[in-house]
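Only one structure is covered here, and it is reproduced in the block below.
The values are calculated or read from the model by the stated rules, or taken from the named source; none is laboratory data. All figures in this text were calculated on a predicted structure; none of them were measured in a lab. Cβ: placed from backbone, ideal geometry, glycine included. Neighbour counts: every protein chain shown.
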């Protein structure tokens, strides 16, 4: 059963609109969708957004995927149904994606539910802990897990006397779930804070228990958030490259197989063929998410929420609801204590004596240059990615009727395409000036002699890889907002873009905040899509960290990670202050505090 809640308090910018008129307009709208005419500003936003998507993802994708139909690429396609090895790689990828997406969404929900529905000490601290995994390179997280729980781990061998192996599916599941669940947590948290408590009050007044209220009222409202989170986590886990290389062992997935084909075997066609196969499960999940999410979408935000928030008071219920959050928080504290402690140790687990040599190394020469340039490029890409994601969400949900599914899918390609393939696509596409006849259309942006040493190409990769998170969060938030709000603004003569800037954007501030925070953290920690376009003039922190891990210098890698955590936390705090701005009287906007 679906619950659709319409206007509760239609008070927008001092303009009163009667509830009866809104209900009448809503009924007409539900019977037959109106043909939306796009004003000049909206058309310009649509054209610019589509152009950027074509430039930053479709153009490189066409260039790299065109290589998949060369000789060795055709062999990969021909052996899909003949080779058991290739079938195992495909099944491993799907299995890993489904497990991580499911577990990550569940963990994110329990943490979000604890924040909204439970009163307990340490709530703010738990919130901060839930965001920390976003801001550390995942292969550094994997290194800490191996140092603690591997065959020679501090806990497993030195304390428990065990020698287990985490390489393969178990280790990947632990590392990827802990790395990516904050995406689900932030998305679901924003939606739960946006729900009107009056719905729970109405259900309780009719005699429904809190458990029945959750499954019949709250859960249907959260379905778009669950579906969006599952999609994001699935494509993230499926396309992740760093963790399979560090902790994957013999559990080969499509991303690592494509990387080996391109970087180890120097076989670009075969690597491109593997990446094309990797797009198929992502596309299937996207279609399922669209059908399931839209079929169960509801409206819950029509103005200022009028109910009083209620909390779970039963001690037994609170205990069981806090088991998962407390366990996850404890595990995160353990992992990052290891990272910080390891940054001051000569060799963690072998020689734990205190030293500052690790920090002296990263602040000298190339290490310092990598810190400055990586942070600068991430700061440039973050607002571009955040605004692009929100504009795409607004166009898909509110403005575009024909072709909105295509635009939505186009925006998600930046995350669905494996980073390795996107990076090689950028290297092939922008390593030389793009010409049409004798006219230069695009200058050289990557590789040797590039503009700003490849910085432009790196910013483009940061942008296109980060904007889908804001896009999905924005779509989930807009699906909860009554379209009559936009119609009221349009009826008073406001343009579509002014309505978006003055009314819609303040309503979806939590989604914008999610997009901006994810964009900066993702830019600072990404590796696979930029490793092919970095130059000596543009050293990247994640590239330096991976080099230290490969060389066995864990102390230097942990020092880089500790500094990266500090930088990202500081910038996320600034973003929170800038986006939050002044509170309004018309909209009660939930804020994700970092």
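Quick notes on this structure:
- Filter result for residue 264 (modelled with pLDDT of 70 or more and crowded, with 21+ Cβ neighbours inside 10 Å): no
- Check on residue 385, over 25 Å from residue 552 (Cα atoms), at pLDDT below 90 and surrounded by 16 or more Cβ atoms within 10 Å (Cβ to Cβ): no
- Residue check for residue 80: over 30 Å from residue 495 (Cβ atoms), more than 28 Å from the chain's Cα centre (by Cα) and either at pLDDT below 50 or part of a loop (DSSP other than H, G, I, E, B) (or both): yes
- Spans of helices (runs of 4 or more DSSP H) in the range 113-200 with at least 2 residues at pLDDT 90 or above and closer than 27 Å to residue 548 by Cβ: 169-194
- Filter result for residue 575 (more than 30 Å from residue 40 (Cβ to Cβ) and within 17 Å of the chain's Cα centre (by Cα)): yes
- For the range 544-554, the count of residues that are surrounded by fewer than 24 Cβ atoms within 10 Å (Cβ to Cβ), without any contact (Cβ under 8 Å) to a residue 40 or more places away in the chain, part of a helix (DSSP H, G or I) and out of contact with any helix residue (DSSP H, G or I) (no Cβ under 7 Å at 6 or more places or on another chain) is nonzero.
- From 123, 117, residue being under 29 Å from residue 227 (Cα atoms), surrounded by fewer than 20 Cβ atoms within 10 Å (Cβ to Cβ) and free of Cβ contacts under 8 Å to residues at least 12 places away in the same chain: 123
- Residue 426 buried (at least 22 other Cβ atoms within 10 Å of the Cβ), over 30 Å from residue 39 (Cα atoms) and over 20 Å from the mean Cα position of the chain (by Cα): yes
- Looking across the range 244-262, the residues that are within 15 Å of residue 531 (Cα to Cα) and touching a residue at least 24 places away in the same chain (Cβ under 8 Å) come down to 245, 255, 258, 259, 262.
- All positions within the range 48-65 that are more than 23 Å from the chain's Cα centre (by Cα) and surrounded by 14 or more Cβ atoms within 10 Å (Cβ to Cβ): 63, 64, 65
- Pairing residues of the range 448-461 that are at positive phi and modelled with pLDDT of 50 or more with residues that are assigned to a helix (DSSP H, G or I) and surrounded by fewer than 24 Cβ atoms within 10 Å (Cβ to Cβ), at Cβ distances under 9 Å and at least 6 apart in sequence or on separate chains, gives 453/373.
- Residue in the range 502-513 that is over 23 Å from residue 575 (Cα atoms), in contact with a helix residue (DSSP H, G or I) (Cβ under 9 Å, 6 or more places away or on another chain) and crowded, with 24+ Cβ neighbours inside 10 Å present: no
- In the range 470-514, residue nearest to residue 183 (Cα to Cα) [restricted to those that are without any contact (Cβ under 8 Å) to a residue 40 or more places away in the chain and in a helix (DSSP H, G or I)]: 501
- Check on residue 563, in a helix (DSSP H, G or I), more than 30 Å from residue 342 (Cα to Cα) and either at pLDDT 85 or above or in contact with a helix residue (DSSP H, G or I) (Cβ under 8 Å, 6 or more places away or on another chain) (or both): no
- Here the condition is being in a helix (DSSP H, G or I), farther than 30 Å from residue 131 by Cβ and modelled with pLDDT of 85 or more; of 100, 107, 85, it holds for 85 alone.
- Out of 350, 396, 391, 366, sole residue that is surrounded by fewer than 18 Cβ atoms within 10 Å (Cβ to Cβ) and either closer than 30 Å to residue 502 by Cα or free of Cβ contacts under 8 Å to residues at least 60 places away in the same chain (or both): 350
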